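Only the coordinates and a few stated rules stand behind these numbers; no lab work does. Computed from a predicted structure; not experimentally measured. With ideal geometry, Cβ positions are generated from the backbone for all residues, glycine too; neighbour counts draw on all protein chains shown.
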Amino acid sequence: MTAPGLVTLQSGDARAAISPLGADWRNWRVDDTELLWTPDPAFWDAVSPVLFPVCGWTRDRQARVGGKTYPLGLHGFARFQMFEIVARGEDFARLVLRDNEATRAQYPFAFELSLEYRIAGPRLSVEARVKNTGGEAMPYAFGLHPGFRWPMAGGEKREYAIRFDRSERPEVPVIAPGGLFSSATWPIGFADPRTMPLSDEIFAREALCFLDVASGGLDLMGPRGRVLRVEWDNSRHVVLWSRPGAPFLCIETLTGHGDPEHFDGELSHKPSMNLLAAGVEARHGVSYIFGAD
């Protein structure tokens, strides 16, 4: 059943549902396989939040703009805002958020954030456009944070692995208290330069943040081969996150990341923020394909 208020997309035997609240997808099914996890407050109460205008934690849950401090917390505010449905068809929907009194109290910039979801058989694509509608340069970060069922297509969790398209650095930043990024790193056990076996234990320390990845895509491998393909355009970082014992795996594609541990500068000076000139629009795209090659 689709909950009231959700926008349903359909293509053949594939269905997805998008919520105007936060513009995130709440379920996705191909044939008889449910792909997104069902939220459980014991582990995580979200499904697939949209991250804007920051990704990750800000130090003390604050951002500084023009010498003033604003209450901008984890992953920003887009996931709490109602988006307007501006276009829809059987297989797509486009939703838009524009700055308002509530957003300007946290982030003093004029903007338009649109997300278009499109389904085509086993492929679900998301195109995000960020436009600076104000008169000054605008710092921002954008990300998608979907939680997939793990295991997704049978077998045990330990039989799954992530396979990047290209070799990636086998270490990730140590996450300091408050979700901030320390300068230290810790090693990840790769089976080869592209493949990382998955387990509950690997997520005991925190999220695995692969910064400035060389790859433009990755595969989630199961006991019988590939079960999910993820491809991205104009995202710099990939974050893998779960909690020990939880039946989900988040595969996040981000343009930014959390504050460095001792960062107290302007939002525009925060590492990995995009700076968008007045009147300019940026595009970010991600596609998710269920099934084998």
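Tabulated results
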item: Built amide H within the under 5 Å cut-off of Y160, gap 5+; result: L198
item: Sequence-separation-based contact order of the stretch 7-290, relative, with Cα cut under 8 Å and 6+ spacing, percent; result: 21 percent
item: Positive-end residue, the stretch 112-188 charge dipole about Cα centroid, Cβ charges, pick of S114, P177, L124; result: L124
item: Efficiency of FRET between E266 and A191 - r from beta-carbon atoms, R0 35 angstrom, step 0.05; result: 0.25
item: Selection from C250, L95, V230, by position along the positive dipole direction of the chain (Cβ); result: L95
item: The stretch 88-106 versus the stretch 119-137: alpha-carbon centroid distance in Å; result: 11 Å
item: Over the chain: helical MRE at 222 nm, DSSP H runs n ≥ 4 each giving -39500 (n - 2.57), nearest 500; result: 0 deg cm²/dmol
item: Segment S167-A282, extension gain: residue separation times 0.36 nm, minus the distance between their alpha carbons; result: 38.6 nm
item: Straight-distance crosslink candidates among aspartates and glutamates, where the alpha carbon sits under 18 Å from K270 and sequence neighbours closer than 8 are dropped; result: D60, E136, D212, D259, E261
item: Calculated FRET value between I202 and V65, using beta carbons and R₀ = 41 Å, to 0.05; result: 0.65
item: Dipole moment magnitude, nearest 20 debye, the chain about Cα centre, only Lys, Arg, Asp, Glu C-beta charged; result: 180 debye
